[in-house]
Each structure stands twice: as structure tokens, then as C-alpha cells.
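Please treat every number below as a calculation from the coordinates, not as lab data. Quick caveat, the model's predicted, so the values are computed rather than measured. No Cβ is skipped: glycine too gets one built from the backbone with ideal geometry, and neighbour counts run over all protein chains shown.
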């Protein structure tokens with residue numbers, strides 16, 4: 001029995017948040033499917049590149065412990081440059097949350113409640129998430145800690161059943177790298193961005209974790225999530241074949257529906273729906289709460305609940321008014337807008353800040369050396 | 001003056017006599033006839049004082065100031081205390097002491113003569129065990145502290161005294177283990193108890209509602225127990241117990257959610273069966289909360305998820321029923337709660353007859369009459385019986401079940417997911433005296449798992465704890 005500070009994230013909480021965030025909405029896609037049967041190679045390579053980014057992100061946290069991304073930007077770039085940047089980040093994660101939110105609503109509409117209007121589904125979800133986030137970061141963290149085991153058990157069950165069911169054919173993976181590395185390498189950048197680069201959102205959360213636990217926990221959970229995503233791609237390809245995997249709206253759903261073990265274990269789509277629910281929920285909530293953190297820093301808001309509610313209504317409104325159907329969102333609008341900004345969000349700005357921090361440190365060290373001599 | 005305050009009460013006795021202390025002095029005693037032992041007064045107060053010639057030898061030189069000293073040598077009662085105000089005297093008399101007034105002295109004596117009739121120690125009705133001690137707390141706080149003390153023979157076990165209730169003046173004892181209990185926790189409990197000023201404290205439930213962290217939640221954040229062994233166990237874990245005079249229910253803080261799923265017997269049984277029973281309780285919790293909601297969502301929204309053969313059976317029986325499924329569930333649910341509540345309040349012999357009539361006859365007849373379907377009755381029976389396994393969470397289970405049921409009726413499986421999420425995030429936000437309510441699941445601590453999902457053998461316990469740290 002011990003008292004635990006409610007504003008700190010424990011190791012397990014950080015681990016489960018990152019893992020859930022990483023796997024999050026990847027259950028909806030076939031990642032790197034442009035490389036056909038080598039999609040899993042894409043994921044693995046992307047994970048390695050993602051580790052580089054993650055190293056930079058965690059190194060920033062190591063260099064400025066106890067400061068959130070917003071404070072780091074402020075102190076490194078100065079007030080006038082930082083404010084619009086923080087706002088830019090807020091907008092970006094707001095858009096990301098809207099995407100997650102929208103996809104989630106569409107999928108529930110398609111697979112569970114085809115007669116209920118999307119507005120109802122989305123509003124109910126928005127209110128629930130608002131309630132959860134209004135209770136604070138500790139509740140978000142504890143909920144993720146509680147739901148991650150369920151998520152993992154369901155995911156592993158799904159993969160296991162898919163493997164032992166009769167549609168599983170390892171030969172679908174062959175030949176490995178038939179067209180050389182070119183198609184694989186072409187696919188890697190997008191996969192690096194989504195989902196691995198997205199860990200940038202945790203720049204807002206590092207300050208709540210214990211400093212010496214950040215890096216090991218982050219690498220462990222991203223590695224773990226990456227392997228699970230790879231396993232998912234392998235199962236998708238081996239069960240569906242590269243052609244069907246590339247064209248299905250929800251590849252994993254097709255996999256789950258194909259599971260039939262002795263006429264008893266069928267219709268397991270409920271497992272997948274629970275997974276999509278939990279994954280989508282945390283992907284969205286973590287983005288959402290990052291927006292709340294950024295905005296409350298920007299506007300010096302003391303009452304976070306107000307920001308939570310305003311942002312929540314904003315997400316609901318934006319995704320209902322501006323986002324269109326699921327395929328269009330995924331293949332056209334997404335590519336136009338979001339893929340161009342990611343590089344700034346995920347790579348350029350953090351790298352720049354990191355370089356500045358390194359230079360700063362050197363300069364400080366040099367100055368100290370001068371002072372000493 | 002004392003007579004003015006207490007005279008109209010029939011149970012207060014005034015008795016005057018001449019005390020023989022260096023010559024006769026006018027004296028009177030005053031006591032509450034229902035709370036004292038008459039023989040004790042006669043033996044310990046009247047006899048020593050009234051026997052002539054007995055006292056000169058023992059109290060050679062009594063000045064006015066040394067009243068208590070002198071009399072404590074004469075009186076052979078177990079505890080004698082000097083009192084100075086009328087107010088004090090009134091309180092003492094009402095709580096069962098005898099007050100002795102002597103002519104010419106400005107103070108009186110309060111003499112311990114309490115001998116209250118009380119219920120004998122018996123097996124508690126709420127927490128019955130197959131294996132384990134069969135004694136339960138009674139309504140007497142002195143006896144209850146003794147029961148705990150007998151379990152923990154250790155000077156570190158502290159009972160702190162308090163009095164609460166401006167009208168009832170109820171005795172409260174705060175029990176904790178010095179050195180094990182967190183001093184901050186003890187201080188927190190004390191401040192919370194001292195901050196409240198209730199008119200009356202008739203049961204520990206009064207206190208519970210006044211000092212709990214979240215008055216508006218359906219989850220109990222303060223535990224209670226009727227069993228000295230489980231209270232002792234919790235005290236040794238570092239918790240604080242609040243005993244209240246007049247009730248066998250002792251409050252224990254902080255209280256965690258998982259504790260509602262445990263009984264002290266888990267530790268007395270061998271680990272295999274104990275772990276099995278704990279697992280069973282978790283399953284029962286899930287079953288009793290989710291069964292009705294899942295049934296409704298499956299039959300009215302997602303028929304595709306039911307295996308075809310089962311679906312045709314259910315559809316065939318549901319066809320004859322005039323109500324929508326959700327209404328049917330609510331009807332049977334209400335009927336079940338009615339039968340249960342009636343079973344509790346009825347005198348015991350009628351209770352069992354009631355249950356048979358309610359469960360067997362009404363259930364059977366309702367199915368035959370086509371008012372409800374047979375799968376529905378099975379489903380509600382599973383729900384009800386699983387609920388009985390976890391009596392500590394009775395109200396929680398009832399409300400979450402209704403909540404999920406309504407959401408499932410409106411939004412199907414999606415509603416259940418949303419409802420679960422709301423419930424989960426609500427539990428996650430709760431605290432009990434500064435400790436997270438869901439500890440040790442969230443925030444996760446491997447050390448606490450010994451008592452959460454499993455009960456590891458006692459032999460290995462020490463090793464496990466060392467590793468867990």
C-alpha cells in the first residue's frame with residue numbers, strides 16, 4: 001500500500017500509453033502494402049528508422065527534464081517564434097485526433113450500427129472521451145493501463161486463431177524481396193511517419209514521467225508495438241494474399257471474418273471491434289490531450305476542463321463538417337494535406353530543437369570552462 | 001441541581017445514606033439502573049462506606065482537598081475518578097458510572113460500575129465462512145476492541161479515543177498499528193473525523209457517509225467488516241479501522257475496489273481452491289454486470305454474431321413474447337430485485353418459502369404464459385446468482401448493470417463499449433483517503449498482485465514481497 005502521486009506517470013502507464021498509441025489505429029490499415037508481400041519488411045525497416053527519431057525525442061527529454069514540449073519550444077526558440085509553433089502543433093494534433101475520431105465513427109457505423117446516424121455515434125463517443133479527459137491525465141493513464149492487457153489478449157487471440165485457421169498460407173509471403181529493395185524503400189517513409197513518427201506527441205507527455213525511465217520504456221514499448229504490427233501484417237498477407245490485402249477497406253476485419261475453427265469459433269469480429277475501439281480511443285485521446293496541454297499552455301488557462309470541452313466540441317464539429325467518406329479521407333485528402341506537414345512536425349522541428357539544445361549545451365560548457373580558467 | 005437535570009427520568013436512581021468516614025457524613029449516590037450492576041454498587045460502594053468503624057483506621061486524616069485520595073483507599077471499585085462539574089457528572093451517570101456526592105465537598109466521584117447487558121459474541125451473518133473463526137463483533141465497543149486486541153497482542157496496536165455526535169455522544173475508537181500504518185493516513189483520518197460535527201451517530205454508516213472521499217459515487221470507498229480476524233488482517237496491512245459504539249460494523253480505510261472481491265477465508269484455505277474461488281468471483285462480477293446487456297445487444301442489434309442454431313432457438317422463443325427484449329429484461333430484473341429484497345426482510349421461515357414461490361412458480365408460469373422467454377429467464381438467473389457471489393458490491397453491480405443495459409438497448413454493442421469506458425474511467429478517477437481506488441491494478445504494482453487476482457501460498461509470500469520491491 002503506498003500513496004502515488006496522481007500527476008506522475010508510472011513506468012507501466014507510460015508503457016501502455018505508448019504501446020496503445022502505436023498500435024492504435026494500425027488495426028485499420030495494411031501498412032506498407034505498396035510493397036505487396038514484403039509489407040512486413042517495410043514495417044520492420046520503418047521501425048528502425050522510427051527508433052532514430054525516438055532517440056532524438058527522448059534525448060530532448062533527457063536534455064530538458066521536467067519541461068513539456070511547449071516549454072522547450074519556448075525556451076529554445078523564444079516567445080515569438082514558439083507561440084505560433086505551439087499553435088501549429090496543437091492544430092496538427094487536433095487534425096490527427098479528428099481523423100482518428102472520424103475513422104472510428106465510420107467503422108462503428110459500418111460494422112456495428114448501420115441504422116444509427118453517424119452524428120449520434122460520434123457525439124456519444126465525443127462526450128465519453130470528454131468525460132474521461134476532464135478527469136485528468138491520471139485517469140487517461142490508468143485507463144490505458146487497465147485496458148492494454150485486454151487489447152493485447154484480444155490481438156494475440158485474433159492472430160493465433162487466424163494462424164490456426166485453414167486460410168493461413170505461408171507461401172503467400174514468398175518470394176521475399178522479389179523486386180529488390182526499391183518498392184520497399186519507397187514505402188518506408190510513409191510508414192515511418194505513421195505510426196512510428198507519431199510518437200512525437202509524447203514530447204508533450206515526457207515531463208510527467210520519471211526522467212530515467214523515459215528512454216528505456218519508450219524503446220521497449222515502440223519495439224514491442226512494432227513487432228506486433230509486423231506480425232499483424234504477416235498474418236494479413238498470409239491469410240488474404242497481397243492483392244486482397246491492398247484493396248480491402250479493413251484488411252484485419254476480412255482476416256477475422258475468415259476465421260472458422262470447427263464451426264464453433266466463428267464471427268469473431270466482436271474481438272476486432274473491441275480492439276478498434278480501444279486502439280482508436282487511445283490514439284485519439286492522446287492526440288486530443290496533447291492539444292489540450294498545448295492550448296492551456298498557450299492561453300495560460302488554469303481550468304483545463306474548459307479547454308477539454310471546447311476542444312472536444314471542436315473535434316466533433318470539424319470531423320462532422322469537413323471530413324468526408326472513409327476511402328476518400330484515406331486516399332485523397334489525407335495525402336494532400338497531412339503527409340506534407342508531418343515532416344515538419346515529426347522530423348524537422350524536433351531535429352532543429354535538438355541541434356539547438358546540443359549547441360546550447362556546448363556553448364554553456366565552453367562558457368563554464370572559460371569561467372573556471 | 002442534578003435532580004433537576006435527571007430527576008424526571010425513571011431509570012435514574014438517587015439513594016442517600018450516611019457515609020462513615022471519621023464520623024457520619026451525609027452522602028448520596030446517583031446511577032442509571034439499567035446500565036449498572038446492582039450487586040457491584042452494593043458490594044463496592046455502599047458496603048465499604050456504611051460499615052461503622054471500618055474506615056477510621058484506613059483514612060486517618062482526611063482534609064477536604066484529599067477526597068479522592070481518601071476514598072480511593074476505602075472504595076474497592078476498579079476505577080475511581082474525581083469529577084468537578086455537574087455537566088461531567090451527568091455524562092458519567094448516563095454512560096453507566098455511579099456518581100458519589102458527599103456533603104460539604106465541592107467535587108464528586110465517578111465510580112466504575114458498568115455492567116451492560118449485551119448480545120453474546122456470535123457468528124456474523126454477513127460474512128459467513130466455512131473455515132475460520134466464528135466470532136463477530138457485537139454492539140459493545142469495549143468488547144470489540146478486546147476482540148481485536150486478542151488477535152494482535154502487541155503494544156503497537158493503538159486505540160485512540162474520540163466522541164462524536166453532539167446529541168448522542170457516541171464513543172469512537174480509531175485503531176491502527178503504530179509503525180505499520182502511514183502516519184499521514186492516520187492524521188488524515190483524524191482530521192476528517194474532527195472536521196465533521198454530526199448530531200447523531202447511530203451506526204458507523206453515518207460516519208462513512210460523512211468522511212468518504214466521493215459522496216456521489218456508487219462505489220464504496222470505505223470498507224466495513226463484522227469479523228475481528230479480517231479487521232486484524234487489514235490493520236496488519238497498515239490500514240486504519242474506525243470502531244463505533246452501538247454497531248458490529250467496523251469501518252476500514254483506505255478501501256480498494258479489489259477488496260470487495262476478497263474474503264478473509266481466502267487466506268485460510270489452501271491456495272489451489274482459494275485461487276479458484278477468487279477467479280470465480282471475478283468471472284461472476286463480469287457475468288452479473290454484462291449478461292443482460294450482452295443479451296439485449298445480441299438479440300436486438302447483432303444477430304449475426306450468434307451462432308445460427310442458437311439464433312433460431314432464441315428467435316423461436318422470443319417470437320411468442322409480446323414485449324421488446326429490453327423491456328423484458330427490465331421486467332424480470334425488477335421482479336428479481338423484488339424477490340430478493342422481500343427475501344431479506346421477511347422472517348426467515350417465510351423467506352425460503354417466498355423464494356420458492358417467486359423463483360420456481362412465477363418463473364415457470366411466466367414462461368408458459370408467454371410473458372417472458374425461457375432463454376431470458378436463464379440469462380437473468382445467471383445474472384442474479386453471480387451477483388450473490390459478491391455481496392459487497394451489491395449496489396454497484398445493480399447500477400452498472402442497469403446503466404449498461406440502457407446503453408445496450410439504445411446503441412447495441414457500441415453502447416456497452418461506451419458504458420464500460422465511462423465506468424472504467426470513473427473508477428480510475430476515484431480515491432480512498434489519498435490512495436488510488438483501483439490500486440494495485442491501476443496504477444500497476446506487481447507487489448500488490450498477491451492479493452488481487454491470486455493468492456500465492458503463504459510460504460512463498462515473504463519471498464514474493466521481497467522480489468516485488
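Summary table below
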item	result
Segment residue B:190-residue B:320, extension gain: residue separation times 0.36 nm, minus the distance between their alpha carbons	40.7 nm
Separation in nanometres of the label points that stand 7 Å from Cα toward Cβ, at residue A:114 and residue B:406	3.0
Within region A:186-201, backbone nitrogen closer than 14 Å to the virtual label 7 Å beyond the Cα of residue A:246 toward Cβ	A:186-187
Rounded FRET efficiency, nearest 0.05, which uses the C-beta distance separating residue B:163 from residue B:51 and R0 of 35 Å	0.40
Which of A:132, B:269, A:181 has the fewest Cβ neighbours within 10 Å, and the rest in rising order	A:181, B:269, A:132
Cα centroid separation - region B:91-168 against region B:259-319, whole Å	45
Residue B:300-residue B:178 FRET efficiency (beta carbon distance; Förster radius 56 Å; 0.05 resolution)	0.45
Exposure proxy order (Cβ contacts within 10 Å, fewest to most) of B:171, A:79, B:234, A:186	A:79, A:186, B:171, B:234
Rough spin-label spacing in nm, given labels placed 7 Å along Cα→Cβ, for residue A:224 and residue B:217	2.6
Gained length - residue B:88 relative to residue B:149, 0.36 nm times residue gap less alpha-carbon distance	19.0 nm
Helix-only [θ]222 nm of chain A, DSSP H runs n ≥ 4, -39500 (n - 2.57) each, per residue, nearest 500	-23500 deg cm²/dmol
Mean Cα-pair separation over length for chain A, i.e. relative contact order, pairs under 8 Å, 6 or more apart, %	38
Overall form of region A:1-89 per C-alpha gyration tensor (a/c, 1.5; a/b vs b/c)	oblate
Per-residue average of Cβ from other chains inside 10 Å of A:137-147	6
Theoretical FRET efficiency, 1/(1+(r/R0)^6), r = Cβ-Cβ of residue B:38 and residue A:257, R0 60 Å, to 0.05	0.10
Chain B, relative contact order in percent, only Cα pairs under 8 angstrom and at least six apart counted	12
Compactness of region A:11-338 as Cα Rg over 2.2 N^0.38 Å, two decimals	0.99
Computed [θ] at 222 nm, helices only, for chain B once each DSSP H run of length n ≥ 4 contributes -39500 (n - 2.57)	-14000 deg cm²/dmol
For peptides A:120-131, A:135-146, sequence by mean Cβ density within 10 Å, most packed first	A:135-146, A:120-131
Peptide-level mean, for A:278-286, of C-beta atoms on other protein chains within 10 Å	1
Average partner coverage of B:417-424, which counts Cβ from other chains inside 10 Å	6
Tilt relative to chain B, helix B:183-195 - C-alpha long axis, 0 to 90 degrees, to 10	80
Region B:141-255, relative contact order in percent, only Cα pairs under 8 angstrom and at least six apart counted	32
Pair residue B:15, residue B:268: separation of 7 Å Cα→Cβ label points (nm)	4.4
